[in-house]
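The values are calculated or read from the model by the stated rules, or taken from the named source; none is laboratory data. A quick note: this is a predicted structure, and the numbers were derived from the prediction, not measured. Methodologically, a virtual Cβ is constructed for each residue, glycine included, from the backbone with ideal geometry; neighbour enumeration extends over all protein chains shown.
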Amino acid sequence: MGKETSINTSAGISAVDYMLALISGLLLTASFPKLNWNYFAWIAFVPLFCSIRNKQSGPSFKLGFLAGMAHYVTLLYWIAGVMKTYGHLPTPVSWSILLLLVIYLSLYIASFAALVSSIINQPNRSPMWIWLAPFLWVGLEYIRATFLSGFPWENLGYSQYNLLPLIQISDMFGVYGLSALIIAANLVLFNIWNDFSEKRTIPWKPIVLLGFLIVGSLSYGTWRIKQVGITTKIAPKQTVALIQGNIDQSKKWVESFQGQTVKRYKDLTGRALKNYPDIVVWPETALPFYFLDDQFMTKQVVEFIRTTKSHFVIGSPSFRKEKKRVHYYNSAYLLGPAGNVLGKYDKVHLVPYGEYIPFKRFFPFLGKIVESVGNFESGKKGQVLSMNSGQVGILICFEVIFPELARTMTQNGAQFLVNITNDAWFGTSSAPYQHLSMAVFRAIETRRAVARAANTGISAFIGPTGRVFSQTPLFKKAICSHSLPLMNQRTFYVSYGYLFARLCAIMLFLYVGWCLYTGHFRNNKDVSLKS
């Protein structure tokens, strides 16, 4: 038995504590694109854990909130630019809306910090208790991804998108498995530093367990890459051509520019036909008119398709009249070589305040805040479009960041996935790179190749192991072609989905309930720790 020391957990927050929390937030952002310093994710939380050491849940919550603010402001800064440039909002209003979102997202990191403080600051608690924290983090990420409309933009695990052997565990646990592993590593490193600084015995059990998990993940990933590679080689193939039109967003919906837009896509497609593609993909709303309704423009597109002998996936707005009401959709059409419509997919997960107004019935004034907000409705979840040669699942724009949509399409028979998007809104910010990084995980989770066509980039192909091919530059006209496998097998994730994340959410609620019941969140003056 060691001696007991009394540590005052009611001490205030020092300037050093604030600085450590800020460092954690900035390290987190640096681990994501554009910087792509993904190794920072493995140490990013250590400064935050140091700042909340020997503190109650209240101060820990504040420090976690500060770390969250530093992270999300620097990660999502581009949202203010989008609202100012395309929503025509004044700069102060744009930044105020961004800060409201950042405040909301920061509450999750703040809650995590408060929960972790209840773990690491308890007397007589085994170092193995730290293994509870990764499950609490995943539980919070899952809530953030599903609560209200959900916003899983750049969950922690996404930071590792280019470490292929490590991220293959996503076909079992989704991106949440990576998030849990990263949090575990941060806590073990903190535990080592904490015990070393206080001249305690180094906690070997957590270190050994973490090493086992990392080595096990890398070994599994290496094996799966090889196994999936064998399956990919023997799978039937389709040659897909991606057309990046690079249409100026300010001209895109100008009626007099429609003909030039269609001509550009026709010209680029003509160049891509040299590779004899089975499928040609044009980006989200590549047709700046209502396809099939505008007879003149539709005829130009259909007659061109008939000369190509290829299938086409084309983005276009659409509408459906029902009695006195008109329903508008952000859609993708699958056209056959004869120019006939084989199917239409309507976007399911719409962008709040971009494509629709949430709670419009209760807050009608919100529709007047952003000039160019849409009035779209959701389509049918999990819809798969069929060709003679295979079945395709289409994800429009930021639908690719929602794993459940790709999973449902795969369950319904999709053999490969197409993501059409228009990232022109983001300019040259980090957002297009962040958007692409999340698409990598849809390929691994479902073991389906992903063809991604973006108006201004980044267009790319992603193999079933998450490897990115033929990545195009931003704001340049481009074409790229690749032979993609038509896959049929089901992964553990496709079969069971959010099982791991939901179990973590249950564990989160149980732990919070236990803390409330036992009074761990009360403002105790002192905590007696063994040293």
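Can you name the residue in segment 82-98 that is buried (at least 16 other Cβ atoms within 10 Å of the Cβ) and modelled with pLDDT of 90 or more and, of all such residues, is farthest from ALA431 (Cα to Cα)?
Restricting to residues being buried (at least 16 other Cβ atoms within 10 Å of the Cβ) and modelled with pLDDT of 90 or more, the top hit is TRP95.
Considering every residue within segment 80-90, establish whether at least one is over 22 Å from TYR161 (Cβ atoms) and among the basic types (Lys, Arg). Reasoning before the result, please.
Let us first name the residues in segment 80-90 that are over 22 Å from TYR161 (Cβ atoms), namely 80-90.
Then keep just the ones that are among the basic types (Lys, Arg); that gives 84.
Scanning segment 80-90 turns up at least one residue that is over 22 Å from TYR161 (Cβ atoms) and among the basic types (Lys, Arg).
Can you find a residue in segment 317-324 that is at pLDDT below 95, in contact with a Pro (Cβ under 6 Å, 6 or more places away or on another chain), surrounded by fewer than 16 Cβ atoms within 10 Å (Cβ to Cβ) and assigned to a loop (DSSP other than H, G, I, E, B)?
Narrowing segment 317-324 to residues at pLDDT below 95: 317-324.
Next cut, in contact with a Pro (Cβ under 6 Å, 6 or more places away or on another chain) only: none.
There is no residue in segment 317-324 that is at pLDDT below 95, in contact with a Pro (Cβ under 6 Å, 6 or more places away or on another chain), surrounded by fewer than 16 Cβ atoms within 10 Å (Cβ to Cβ) and assigned to a loop (DSSP other than H, G, I, E, B).
I'd like to know if segment 235-249 contains one or more residues that are out of contact with any helix residue (DSSP H, G or I) (no Cβ under 7 Å at 6 or more places or on another chain) and in a helix (DSSP H, G or I). I'd like the intermediate steps shown before the answer.
Restricting attention to segment 235-249, the residues satisfying the condition of being out of contact with any helix residue (DSSP H, G or I) (no Cβ under 7 Å at 6 or more places or on another chain) are 235-238, 240, 242, 244, 246, 248.
Add one more test, that the residue is in a helix (DSSP H, G or I), and what stays is none.
No, segment 235-249 contains no residue that is out of contact with any helix residue (DSSP H, G or I) (no Cβ under 7 Å at 6 or more places or on another chain) and in a helix (DSSP H, G or I).
Return a yes/no flag: does segment 171-181 have any residue that is among the charged types (D, E, K, R), crowded, with 17+ Cβ neighbours inside 10 Å and farther than 12 Å from ILE130 by Cα.
Step one: of segment 171-181, the residues among the charged types (D, E, K, R) are 171.
Applying the additional criterion that residues be crowded, with 17+ Cβ neighbours inside 10 Å yields 171.
Still in the list and also farther than 12 Å from ILE130 by Cα: 171.
For segment 171-181, residues among the charged types (D, E, K, R), crowded, with 17+ Cβ neighbours inside 10 Å and farther than 12 Å from ILE130 by Cα: present.
Of all residues in segment 403-434, which are in contact with a strand residue (DSSP E or B) (Cβ under 8 Å, 6 or more places away or on another chain), modelled with pLDDT of 95 or more and either outside any helix (DSSP H, G or I) or more than 20 Å from LEU484 (Cβ to Cβ) (or both)? Quick ask: steps written out before the conclusion?
Of the residues in segment 403-434, the ones in contact with a strand residue (DSSP E or B) (Cβ under 8 Å, 6 or more places away or on another chain) are 405-406, 409-410, 412-423, 432.
So of that shortlist, the ones also modelled with pLDDT of 95 or more come out as 405-406, 409-410, 412-421, 432.
Selection gives ASN412, GLY413, ALA414, GLN415, PHE416, LEU417, VAL418, ASN419, ILE420, THR421, PRO432.
Here is a list: ALA451, ALA443. Which entry is part of a strand (DSSP E or B), assigned by TED's automatic domain parsing to the domain that holds SER386 and buried (at least 24 other Cβ atoms within 10 Å of the Cβ)? Walk me through it before giving the result.
On the way: ALA443 fails: part of a strand (DSSP E or B).
Just one listed residue meets the conditions, ALA451.
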